1. Exactly one condition in (1) crowded, with 24+ Cβ neighbours inside 10 Å; (2) touching a Ser or Thr at 6+ places or on another chain (Cβ under 6 Å) is false for Asp350; which is it?
2. Restricting to segment 538-560, what's the tally of residues that are open to solvent by 10 Å² or more (accessible area, probe 1.4 Å) and assigned to a strand (DSSP E or B)?
3. Just to verify a result, which residue in segment 438-489, among those that are open to solvent by less than 20 Å² (accessible area, probe 1.4 Å) and assigned to a loop (DSSP other than H, G, I, E, B), is nearest to Tyr370 (Cα to Cα)?
4. What residue, among those in segment 165-185 that are at pLDDT 90 or above and under 30 Å from the mean Cα position of the chain (by Cα), is farthest from Leu137 (Cα to Cα)?
5. Can you say whether Ser236 is modelled with pLDDT of 95 or more, farther than 30 Å from Pro177 by Cβ and buried (at least 16 other Cβ atoms within 10 Å of the Cβ), as far as the supplied structure shows?
6. From the list Asp162, Asp217, Asp212, exactly one residue is at pLDDT 95 or above and surrounded by 14 or more Cβ atoms within 10 Å (Cβ to Cβ). Which is it?
7. Being open to solvent by 10 Å² or more (accessible area, probe 1.4 Å), in a helix (DSSP H, G or I) and without any contact (Cβ under 8 Å) to a residue 60 or more places away in the chain is the filter here, so list the residues in segment 719-757 that pass it.
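The values are calculated or read from the model by the stated rules, or taken from the named source; none is laboratory data. Remember, it's a predicted structure, so these values are computed and weren't measured experimentally. All Cβ positions, glycine included, derive from the backbone under ideal geometry; neighbour counts span all protein chains shown. Heavy atoms of the whole protein, side chains included, go into the accessibility calculation; ligands, DNA and RNA do not. Shrake-Rupley method; radii C 1.70, N 1.55, O 1.52, S 1.80 Å.
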Amino acid sequence: MKQSSRQRRKTGGTEAAPKRGFLSRFGTKSQLNLRTPLCNTCLSLGLVAPPLPSPRTPTTPMSMNSNSWVFPASPVSTSSGRYSGTVSIGSYNDLMERSECPFCQLVLHLVRKKGEAPALVGGSEGPSWSPTTKYQLRRSGDGFEVREGLSTLGYVCPAGEDVPVAPPAASSGNSSPILDCTLIKKWIGECEEKHVNCALLKEYTRSNDALDLILVDVKNNRIVKGNTNQRYIALSYVRGNVKMLQTLKENFNTLRRDTALEPQKQKLPKVVLDAMKLVSQLGERYLWVDTLSIVQDDFMRKTAQINNMNRIYGKALFTIVAAAARDAGTSLHGVNAGTRLPYVVEETIDGKRFVARPANLRTILNQGCYGTRAWTYTERLLSHRCLILTPHQAYFQCPEAVRTDADASKPDMIHPELDVPSNPLLMIQMERAMTQKMFADTFDEGGFLIYDELVRSFTRRALSNPMDKLLAFAGVGAALKENYNSNFVNALPEVSLDAALLWISIKEEKETAGPDRFVQRSRFFPSWSWASQPGCVDYLSGPLNYTLLNGGPGIESDIGTIFIRKQKRLRPLNRQFGDLIRRAKTTTPAPRVEDMPTPFLFRDVDTLYFCGVTASLDQFRLRQSERDRESECLLLFSKILSPAKSQLPDQHKCCGKIWVDDMTSFLPPASASLDPNDEPLKRDLVLLSSTMVPHVGEHLDIKAEFATEEFRDDGEPLMNVMVIEWHGEYAERLGVAQIHGRGWRAARTVRKIVVLA
């Protein structure tokens, strides 16, 4: 390749030997693209003048120095004349119209879609992408973060001097080579033969009780009967609205015949066909994929398989993760030619090299169609090994290491793109495997913190069908049961039910949950379970904050025996007491079975029965905090402890706080007309437990409103109560609250049987 005069002046007429490093696989002899004209939009970003700081400055947060890549989460202020903050760079169509601009070419590499390289995405783009979707740039250090809504697509930033030459962005429509199956087999072999921790985990999870499976035989193109003791690979993907071949009772025997899938391949989506091809290329034979490996119209067996997802994905050799596929009609990146882009591309702007690289692995797995779905989250969580495929590269993750094909020549090099999200389930299993624990732990503070992290991450993700919520969490519950010896009732651990009832609903930006999230309480699940609540659920921001985060004392349960009625069967719950939950010296007596009402419910949900101490909510005034009117919280003011001469809410004694599940239904709008024939709402507070917390006002984040003089920190506990609304003989949860002990004792209380649906 001939050199330009500008290049010859820089290199003395000879081509300088490229330095070896992280990007060495991307064509180190590629010619630098010296185009400099920027479009008006990019000129406003201040890329040319004033000069950018040196990318080799140690404090540079976004330099492409291979020794230190740091990407701050918030915009960074810059010197005068350079843009600081977030700006729209236009849509895909706008970028294509400005494709002569080298900076726009770099951005296009990160947002390149079907219109530019049809084979790259291999099919349906799904309803969430449009060529008119606007993209944003956010200044971050010396470079820019490219965003689509709340999702990070990648970064455009200066290249350090030690970064080898990458292909020009103008040619990024040409894909990089397909997956190196020899390299992937090497990764698997190293994991099986050399990783001590992986071997310990395999031995720890070994079971003589194999689970029966239906597997796809990719050699003979048919389905076969197998079990979890066989060597097979699982597939995790977003199905979307793509219609595909399914195993049913009527075609089960037909699909078991040799080559039965061959004439049916036009009914199989691209992601399944590519997975079958990849399994074959890796020298393996069996694939587990939900639509073919579960008889879809056999309800009993389907439910049994879903409840054992922890064993199906945990026993697989590894799980293929289609991390960038919008739906089942999208190809697996790298299996076929033309389905991958180079990892990094570059352009030269005003004599300075700029590169574009995708987001790191943690970001990829927490956003997009795959990252915002609850089913795929649990599938990846339950897998011990994952082969994660993205449009730019492949990752292999096991309990001991993470590998990428971005630089196969240096497998031990630590790369910033390998920032992998934590897997709490795997951490528990690894700890038990390494310490050779043969008996299950108890649900102490540490175990409950892990449960909280799992619930929070699960509930912030979307489900196309809200009725699948318990099914999607069933595999996680089964894995927790193996380690903590606790059954789960509607996704709550039975042994720690007193603490598990104290969940709260928290607000999150809607885009993180996906477009298909339901917005009202689901009537398919009992109100006392977080499964009934739309949106994100948390334990650390509510009554359990001090106990779980600050090492405070556990809660003291004030309830005696709790019964659950499940499918007309009544049984007492097996609650356990220890450091997290202690039994109070005096608790409410167990209700007699003959005294328990059997209310008529309009829906078939599990019902809790217990004898509780209740106080009418009418004995308290409610008010939103003046400084935080957007929160789902209300302040509690005791009417009984207030001066008789005063009726102003501000002069009542603030003694607690309510975390409301749904503020809209809890506080009807002021414009709503009241029907005089309607019965008044009957709402109670039910005492569940208590806990000792110093500095109550600070703990509840109501220091300005809290009646410090009236409710001093003098050994009084905080009472953990549930807010309920009665509907005849049964009640439903509206939220939870914490009330100062003196404020609770001042209220008139009644002991009654609570039927909680």
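1. (1)
2. Total meeting the criteria: 1.
3. Across segment 438-489, the extreme among qualifying residues is Arg461.
4. Lys185
5. No; evaluated as a whole, the condition is false for this residue.
6. Asp217 is the lone residue from the list that is at pLDDT 95 or above and surrounded by 14 or more Cβ atoms within 10 Å (Cβ to Cβ).
7. Arg745
Yes/no matrix, rows are residues, columns are (1) of a type outside the set (Val, Ile, Thr); (2) surrounded by fewer than 16 Cβ atoms within 10 Å (Cβ to Cβ); (3) out of contact with any strand residue (DSSP E or B) (no Cβ under 8 Å at 6 or more places or on another chain); (4) under 25 Å from Cys191 (Cα atoms):
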site: Arg285; (1), (2), (3), (4): yes, no, no, yes
site: Val295; (1), (2), (3), (4): no, no, no, no
site: Thr303; (1), (2), (3), (4): no, yes, yes, no
site: Pro342; (1), (2), (3), (4): yes, no, yes, no
